[in-house]
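What follows is calculated from the coordinates using simple rules that are stated; it is not laboratory data. Keep in mind that what you see is a predicted model, and the values were worked out from it rather than measured. Reconstructed Cβ throughout: ideal geometry from the backbone, glycine too, with neighbour counts over all protein chains shown.
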Amino acid sequence: MKHLFTLFFLVFGFNVVPFAQQNIEWSPEVVLELSDFQSKRTRIDPTVDSYLIQTGSKVDFLVSMSNAEFLFTKNFNSKVTAIFSPNASLIIAPNENVANSLLNFARYHFDLTELYARKFRKMLFENKGAFSSINFIMPLYDNVQEELVARSGEAGDVSGLGMDGAELEKLHLAVKLELTDYEDFCKTCKPPKDKKRK
């Protein structure tokens with residue numbers, strides 16, 4: 001059986017995203033369901049001989065502030081959001097078992113996206129100087145994107161996009177544990193003072 005895999009990783013912008021209310025923000029309580037994959041192409045169809053997932057998870061970074069506000073802002077946690085876009089996500093599978101395996105991979109990927117959102121928030125916090133220009137952000141963004149793409153791709157290969165449930169569960173647990181290492185960099189959190197940071 002052939003499989004295809006598409007990921008949406010990081011979206012970088014400075015304006016409010018239209019229709020953002022349709023997106024699902026990451027939170028510990030959110031558990032993605034098959035009904036969240038709202039692309040018109042999503043289907044479970046026994047006539048297909050391959051499977052496809054487009055995860056729809058990405059990191060948004062939205063800044064809407066004056067130059068003076070940017071100059072004196074150190075904590076960008078609230079500006080970085082891990083989101084799942086239902087309209088940009090799809091699953092095509094020949095049966096429910098395959099669809100549920102792909103769904104589990106999407107759940108893993110959504111948590112992984114939040115992990116890299118937290119890493120990005122931490123990088124912004126640690127690298128923003130008093131007189132930094134907005135240009136300092138792009139290299140950090142590029143680093144996070146590269147790491148996220150590599151890690152997600154490796155997880156997709158190792159777990160067969162979730163077809164190996166035991167392997168995916170192991171990878172997912174590692175991500176959940178790592179999220180706790182970055183608990184000061186959740187969207188609503190206040191990063192610790194410099195002297196308290198490790």
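Hey, got the dipole for the range 68-136? About the Cα centre, +1 on K and R Cβ, -1 on D and E Cβ, debye to the nearest 20?
That gives the range 68-136 a dipole magnitude of about 320 debye.
Taking the Cα atoms of the range 78-135, what is the range of coordinates along each of the three principal axes, in descending order and whole Å?
Sorted from largest, the Cα extents of the range 78-135 read 55, 19, 17 Å.
Going down the list Lys79/Lys122; Lys170/Lys193; Lys58/Lys79; Lys40/Lys119; Lys79/Lys128; Lys79/Lys193, which pairs span over 23 Å between their C-alpha atoms?
Lys170/Lys193; Lys40/Lys119
Using only alpha carbon positions, build the gyration tensor of the range 83-192, then give the equivalent ellipsoid semi-axes as the square roots of 5 times its eigenvalues, largest first, whole angstrom. Intermediate values should be presented prior to the final figure.
Values: eigenvalues 189, 43, 30 Å².
Gyration-tensor ellipsoid for the range 83-192: 31, 15, 12 Å.
Return the distance in nm (one decimal) between the two label points of a simple spin-label model at Leu71 and Asp181, each offset 7 Å from Cα along Cα→Cβ.
3.7 nm
Kindly provide the chymotrypsin sites (Phe, Trp or Tyr not before Pro) of the range 105-147 that DSSP labels as loop, not H, G, I, E or B, and whose Cβ sees at most 11 other Cβ atoms within 10 Å. Each step should come with its number before you reach the end.
Values: sites: Phe105, Tyr108, Phe110, Tyr116, Phe120, Phe125, Phe131, Phe136, Tyr141; in loops: Phe131.
When the chymotrypsin sites (Phe, Trp or Tyr not before Pro) of the range 105-147 are filtered for loop state and at most 11 Cβ neighbours within 10 Å, Phe131 remain.
Say each of Phe136 and Lys190 gets a label point 7 Å from the Cα, pointing the same way as Cα to Cβ; how far apart are those two points in nm?
Each label point is offset 7 Å from its Cα along the Cβ direction, giving 2.1 nm.
I'd like to know which of Phe105, Phe120, Ala88 lies farthest towards the positive end of the charge dipole of the range 34-127, counting +1 on Cβ of Lys and Arg and -1 on Cβ of Asp and Glu.
Phe120
Sort the following peptides by mean Cβ neighbour count (other Cβ atoms within 10 Å, averaged over residues), highest first: 34-44, 73-83.
Descending packing order for the listed peptides: 73-83, 34-44.
Length gain on complete extension for the stretch Val31 to Asn100, per 0.36 nm per residue less the alpha carbon to alpha carbon distance?
On the way: separation 69, 0.36 × 69 = 24.84 nm, distance 1.28 nm.
Net length gain for the segment: 23.6 nm.
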